[in-house]
Amino acid sequence: MSTKKSVLLTDRTVEIMQASTSQRDPDAAIAWSNQINRAVIINDWLFQSSLPDLSAEEWQVILNTYAGTIGSVEHPPYRVASDLMDDLGLIDVDDHPNADLVRRLHYMSQSQQFAILVFAERFWSGDWGDLGWDGIYRQIINS
């Protein structure tokens with residue numbers, strides 16, 4: 001099933017899409033739908049393949065930090081450890097009640113931190129009813 005939508009693309013998005021279109025053929029048209037669908041599929045693949053293994057308690061700390069936040073992934077570089085520190089107004093990592101988590105997050109790759117933020121967005125966008133953590137987690141990673 002496909003749905004026709006109207007979208008507004010930024011100049012940077014158009015530049016990226018043009019870079020992915022044949023430069024050898026001056027008549028080559030950008031396949032807009034293909035490029036957008038491809039970007040979304042790649043975005044989801046990156047999320048799925050980069051999501052770090054965290055405990056339910058660690059997810060709770062992270063999700064509380066991003067309480068209600070949607071739209072945080074479009075502003076790289078990602079600094080999840082710093083966000084946890086800022087959330088509590090802390091400067092010294094040893095003062096954080098989850099200092100070990102903050103340290104682990106600090107050394108995670110940008111793709112792992114991206115995946116964490118996508119997970120948080122999907123969590124705060126959802127209506128989870130009575131699923132419980134395991135059900136919510138499975139629903140998010142399979143959506």
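The values are calculated or read from the model by the stated rules, or taken from the named source; none is laboratory data. From a predicted model like this one, the values you see are computed outputs, not experimental measurements. Glycine gets a Cβ as well: all are built from the backbone with ideal geometry, and neighbour counts include every protein chain shown.
From the list Ser50, Ser82, the lone residue that is surrounded by 12 or more Cβ atoms within 10 Å (Cβ to Cβ) and farther than 27 Å from Arg12 by Cα is Ser82. Here Gln113 passes the criteria (1) within 28 Å of Thr3 (Cα to Cα); (2) outside the structural domain of Ile16 (by TED's automatic domain parsing); (3) not acidic (Asp, Glu) except the one numbered (1). Evaluating Asp130 against the criteria (1) assigned to a helix (DSSP H, G or I); (2) more than 28 Å from Lys4 (Cα to Cα); (3) of a type outside the set (Val, Ile, Thr) leaves one unmet condition, (1).
Tell me, yes or no, whether region 33-49 has at least one residue that is touching a Ser or Thr at 6+ places or on another chain (Cβ under 7 Å) and not assigned by TED's automatic domain parsing to the domain that holds Gly126. Scanning region 33-49, I find at least one residue that is touching a Ser or Thr at 6+ places or on another chain (Cβ under 7 Å) and not assigned by TED's automatic domain parsing to the domain that holds Gly126, so the answer is yes.
Would region 43-52 turn up any residue that is under 30 Å from Tyr137 (Cβ atoms), modelled with pLDDT of 90 or more and over 16 Å from the mean Cα position of the chain (by Cα)? Checked region 43-52: no residue is under 30 Å from Tyr137 (Cβ atoms), modelled with pLDDT of 90 or more and over 16 Å from the mean Cα position of the chain (by Cα). Checked against (1) surrounded by 10 or more Cβ atoms within 10 Å (Cβ to Cβ); (2) in the same structural domain as Val118 (by TED's automatic domain parsing), Pro77 passes all but condition (1).
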